Structures are given as structure tokens and as C-alpha cells.
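Engineer: One structure follows; several queries about it will come next.
The values are calculated or read from the model by the stated rules, or taken from the named source; none is laboratory data. All figures in this text were calculated on a predicted structure; none of them were measured in a lab. FYI the Cβ positions are ideal-geometry reconstructions off the backbone, even for glycines, and counts take in every protein chain you see.
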Amino acid sequence: MLLSIIFYTLVFVVSGCAKAPPAARALPDFTATAVAGEATSALNLGALAGRVWIVDFVYTRCTGPCPLLSAHMESLQKRLPASVGLLSFTVDPDHDSPAVLARYARRFHADPRRWLFATGGKPALMKLYRDGFLISVVESAAAAPGQNVAHTTKFVLLDRRSRIVGYYDGDDPASLDRLAAAAERL
């Protein structure tokens, strides 16, 4: 009996009848400040509509994964067509002002026509990360100043209707290849 259950479970999974992938998940509306080069503008959900976006979460004082994530975004900027937008949200909005983000953007040769950096009010951004992107962002009081944010290394892919259609591991080159291919298909 147990062997039959195991056999049919394996057949079910291998045959592609396994649970369907989750449907695209809509983001809630939000308000932030977009930094594009030296210019700033209001950023909300409506501003994202009509374009495929790759989103990551970084902060400028990070000495951990953020420089690598931003280098990957720079690489995606070169690799993907200009129709794909890139959006880096800060997870340290208390420090990452528009001027600070503009300097950081220059460091990674961000094209202001397609790679935006976003900051804003901390409570609203944290709510967006947690409830909209389903991303964990926590503060640690024990950490050194500027190193107090634990965040994801995931990249999030948004379709033209600003829906989350996938999460990709920013530490894995194969995952980044899948992200690039998925972005081009959208």
C-alpha cells in the first residue's frame, strides 16, 4: 500500500501534474521617490505599468552582498534590451537620500533612462517590502551603524502589469540567466 502511494505520488509529480505555479501576484500601490541620475521624481505603482521590471533591494553602506547585487544589475543592464527596466529599492532609507543614491548609481554606471533607485519614508517602504514584495527586511540593533539591515539577495521580476511573476537568486549565475531569459520573454 505504502509503495503504491509513493509510486503514484512520484508519477504525479514527474508527469507535470504537480501543483501549478502560483499566479502572478499584484503589488499594492505605493509612494516613493525615484532617483534617475541627478533627477528625482515621484514613484508609484502606476509609474511601473507598461514595462517589465527587475527589482532588487540594496543599501549604499552595505559591505555584504549589495555591491555584488548591484554589479549583477549593471550586467543585466548591458545584457537586456532597453525595454526592461531596473529598479533598486534601498532598505536603509534613513541614510540613502536621493543624493546618496545618485552617487551609488554612478558607481555602477546606471543608465538613468532605465535603472531607477528608490527611497522614501521608512514605514511605507518596509510595509511595501513585507506585504507587497513578500521580502523580509529586519533591523538589528546590535549591528554596527550602517550595517544594521538584513535583507534578501533575491531579484523580483515584474510583468508589464506590475505583477510579481518570479523570484530569482541574486547569488546564483544560473538563476540570473533564467531571470534574463524570463524578462526577455515578457
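Engineer: So A105 ticks every box in (1) crowded, with 22+ Cβ neighbours inside 10 Å; (2) within 14 Å of the chain's Cα centre (by Cα) but one. Which box is left unticked?
Structural biologist: For A105, the exception is condition (2).
Engineer: I've got another one for you. Which ones in segment 65-98 are among the hydrophobic types (A, V, I, L, M, F, W, C) and over 22 Å from L128 (Cα atoms)?
Structural biologist: Across segment 65-98, the qualifying residues are L68, A71, L76, L80, A82.
Engineer: Take segment 59-71 and flag every residue that is in contact (Cβ under 8 Å) with a residue 60 or more places away in the chain and within 12 Å of the chain's Cα centre (by Cα).
Structural biologist: The answer is L69, and nothing else.
Engineer: Sticking with this structure for a sec: Would you call G85 surrounded by 14 or more Cβ atoms within 10 Å (Cβ to Cβ) and at positive phi?
Structural biologist: No.
Engineer: I've got another one for you. Among the numbered criteria (1) touching a strand residue (DSSP E or B) at 6+ places or on another chain (Cβ under 6 Å); (2) at pLDDT below 95; (3) surrounded by 15 or more Cβ atoms within 10 Å (Cβ to Cβ), which single criterion is violated by L27?
Structural biologist: Failed condition: (1).
Engineer: Sticking with this one: Quick check on my filter: what residues within segment 82-131 are among the β-branched types (V, I, T) and within 19 Å of A49 (Cβ to Cβ)?
Structural biologist: V84 - this is the single residue of segment 82-131 that is among the β-branched types (V, I, T) and within 19 Å of A49 (Cβ to Cβ).
Engineer: In addition: Please enumerate the residues belonging to segment 149-159 that are closer than 13 Å to I54 by Cβ and touching a Leu at 6+ places or on another chain (Cβ under 7 Å). Break it down into steps so the answer makes sense when it comes.
Structural biologist: Step one: filter segment 149-159 for residues closer than 13 Å to I54 by Cβ, giving 154-159.
F155, L157, L158, D159, listed by residue number.
Engineer: If I filter segment 40-55 for residues that are assigned to a loop (DSSP other than H, G, I, E, B), on the phi < 0 side of the Ramachandran plot and at pLDDT below 90, do I get at least one hit?
Structural biologist: no
Engineer: Here's another thing I want to ask about it. Tally up the residues in segment 108-132 that are in contact (Cβ under 8 Å) with a residue 60 or more places away in the chain, closer than 24 Å to A71 by Cα and surrounded by fewer than 22 Cβ atoms within 10 Å (Cβ to Cβ), please.
Structural biologist: Counting residues in segment 108-132 that are in contact (Cβ under 8 Å) with a residue 60 or more places away in the chain, closer than 24 Å to A71 by Cα and surrounded by fewer than 22 Cβ atoms within 10 Å (Cβ to Cβ) gives 4.
Engineer: May I ask you to list the residues in segment 160-179 that are surrounded by fewer than 18 Cβ atoms within 10 Å (Cβ to Cβ) and closer than 15 Å to R51 by Cα?
Structural biologist: Within segment 160-179, R160, R161, R163 meet the criteria.
Engineer: Okay, moving on. Quick check on my filter: what residues within segment 76-95 are over 19 Å from L158 (Cβ atoms) and either part of a strand (DSSP E or B) or under 17 Å from the mean Cα position of the chain (by Cα) (or both)?
Structural biologist: Here is the first cut: in segment 76-95, the residues over 19 Å from L158 (Cβ atoms) are 78, 92-95.
Result: D92, P93.
Engineer: Show the residue pairs meeting these rules: Cβ distance below 8 Å; 6+ apart or different chains; first residue within segment 154-179 and of a type in the set (D, E, K, R) and at pLDDT 95 or above; second residue surrounded by 18 or more Cβ atoms within 10 Å (Cβ to Cβ) and not in a strand (DSSP E or B).
Structural biologist: Note: pairs meeting the criteria are R163/L27.
Engineer: More than 30 Å from P173 (Cβ to Cβ), among the polar types (S, T, N, Q) and either at pLDDT 95 or above or surrounded by 16 or more Cβ atoms within 10 Å (Cβ to Cβ) (or both): is that true of T33 in this structure?
Structural biologist: So T33 passes the test.
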